[in-house]
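Notes to accompany the following structure.
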Amino acid sequence: MGPHSRVRLHPLNRRADGTEWIVGRRESRTFVALPPEGVAVLDLLVEGLSVGAAQARLAAGAAPGEEPDVVEFVRDLLALGFVAEVDGQPAGSGLPAAPASLPGLRPERLGFLLHPSLPWIPVALVGTAVAVLLARPELTPTYRDLLWSPYGTLVVVSGLVVGWSVVLLHELAHLAVARAAGVPGRIGFGTRLQFLVVQTDISGIELAPRRHRLTAYLAGIAVNLSIASVAVLLLALTSPSSAGHRFLAATVLWAGLPLAFQCMVFMRTDVYFVLQDLTGCRDLYGDGRAHARHLARRLLRRETAERDPSRVLPAGERRAVRIYGLVLVLGTTACLGAFAAFTLPAEVRLVVVAWGRLSGGGSALDVSDGVLTLAAFAAVHIIWLVTRWRDHRTRRAETNRRNASDA
């Protein structure tokens with residue numbers, strides 16, 4: 001690929017964002033921010049100009065010393081998978097995106113999810129539930145309500161069924177709103193530090209209007225709050241001594257407690273994406289981590305000539321990145337510290353006890369408990385490891401592909 005080459009681009013979508021443009025392919029879920037000059041190059045290439053002709057056209061209106069390097073720019077487009085052909089020869093189309101989840105959900109059937117009045121439904125539910133709890137504070141659930149039945153098996157099974165149902169509805173809300181905005185979306189497993197999570201990839205929502213983006217980011221939280229609020233309203237209608245009342249109180253907690261995780265913005269939760277959008281940051285997590293690493297290197301080496309990577313950002317974005325970098329370090333440290341101090345010892349103790357029951361020649365009930373405990377423990381950790389390795393392999397393949405394209 002050189003100045004005389006002609007390239008054909010894949011269909012690209014774009015959206016103006018301040019002084020830049022968000023450009024990308026929905027098929028591969030790859031999106032970048034480009035300056036107006038980059039978009040001008042795209043338009044010239046679509047017109048059929050060669051790479052050299054496009055550079056000459058732009059250089060004619062550029063100030064001396066600011067002529068664009070269109071050849072290098074097109075190589076970057078190749079690395080991103082935006083180029084379909086070079087001189088009539090197929091080009092690499094980038095890493096294929098995983099197929100969308102629930103393809104039967106059609107955007108034209110879900111348009112009502114983007115109606116401006118829809119967010120007022122969960123707002124009204126939450127407001128009514130709060131008013132009920134203020135009027136009748138005895139309805140406020142406590143941790144004891146999680147043990148809503150005297151039968152432990154029933155408590156565990158109901159917690160799993162309701163808890164996972166809430167999780168799936170949470171992710172389905174993200175998927176449905178994104179699909180309404182024309183974004184395919186995919187639900188799958190992911191990792192956040194030591195946590196195994198269910199997540200929804202809605203890459204491409206960056207091209208939607210801000211109201212649609214925020215609706216997609218907050219849809220899952222709205223579902224949790226709506227479920228908890230409806231349960232509170234039903235609590236007010238049931239007898240406090242009934243099993244149904246106790247089950248509803250537990251449901252409030254099963255739906256509400258996961259929202260504490262969403263506040264851990266250092267793990268790129270739903271609230272993180274809202275903050276990133278409202279602060280106008282391109283990559284709040286990546287830039288915040290780069291800034292934190294720079295400060296750590298300065299602290300460890302005491303002197304370094306390396307420039308703070310956040311200095312190239314606009315003032316408002318730079319301020320947000322530096323604050324987030326501090327939150328990232330403190331939050332990650334606290335989370336890993338809690339894992340080392342509490343979760344890890346508890347898991348080790350759980351495995352030791354289960355193994356003792358399995359190998360101690362106890363009753364059939366003890367052996368069954370040991371087998372089930374170890375099987376459940378192994379299943380969760382195997383899924384975590386496989387997911388972690390898959391994400392690492394994807395990132396490594398993407399890096400290798402870009403390095404090969406640059407070479």
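The values are calculated or read from the model by the stated rules, or taken from the named source; none is laboratory data. Just so it is clear, the model here is predicted, and its values are computed rather than measured. A quick note on method: Cβ atoms are made from the backbone with ideal geometry, for glycine too, and the neighbour counts reach across all protein chains shown.
Could you tell me whether residue 238 is over 15 Å from residue 261 (Cβ atoms), in a helix (DSSP H, G or I) and at pLDDT 90 or above? Step through it out loud before you land on a result.
Details: over 15 Å from residue 261 (Cβ atoms): yes; in a helix (DSSP H, G or I): no; at pLDDT 90 or above: yes.
Considered against the rule, which asks whether it is over 15 Å from residue 261 (Cβ atoms), in a helix (DSSP H, G or I) and at pLDDT 90 or above, residue 238 comes out as no.
Does residue 33 meet the test of being in contact with an Asp or Glu (Cβ under 7 Å, 6 or more places away or on another chain) and either exposed (fewer than 14 other Cβ atoms within 10 Å of the Cβ) or not assigned by TED's automatic domain parsing to the domain that holds residue 201 (or both)? It is true that residue 33 is in contact with an Asp or Glu (Cβ under 7 Å, 6 or more places away or on another chain) and either exposed (fewer than 14 other Cβ atoms within 10 Å of the Cβ) or not assigned by TED's automatic domain parsing to the domain that holds residue 201 (or both).
For the range 108-131, which residues satisfy the criterion of being assigned to a helix (DSSP H, G or I) and surrounded by fewer than 16 Cβ atoms within 10 Å (Cβ to Cβ)? Outline the logic, then answer.
Taking the range 108-131 as the starting set, the residues that turn out to be assigned to a helix (DSSP H, G or I) are 108-109, 111-114, 120-131.
Selection gives 108, 109, 111, 112, 120, 121, 123, 124, 127, 128, 130, 131.
Just a yes or no: is a residue in the range 339-350 over 22 Å from residue 191 (Cβ atoms) and either of a type in the set (Asp, Glu) or loosely packed, with under 14 Cβ neighbours inside 10 Å (or both)?
yes
The residue that is farthest from the chain's Cα centre (by Cα), counting only those in the range 137-167 that are buried (at least 16 other Cβ atoms within 10 Å of the Cβ) and in a loop (DSSP other than H, G, I, E, B), is 148.
The residue list 230, 223, 252 contains one member that is modelled with pLDDT of 95 or more, surrounded by 23 or more Cβ atoms within 10 Å (Cβ to Cβ), assigned by TED's automatic domain parsing to the domain that holds residue 132 and of a type in the set (Val, Ile, Thr), which is 252. On the stretch given as the range 112-131, residues that are of a type in the set (A, V, I, L, M) and touching a Ser or Thr at 6+ places or on another chain (Cβ under 7 Å) total 4.
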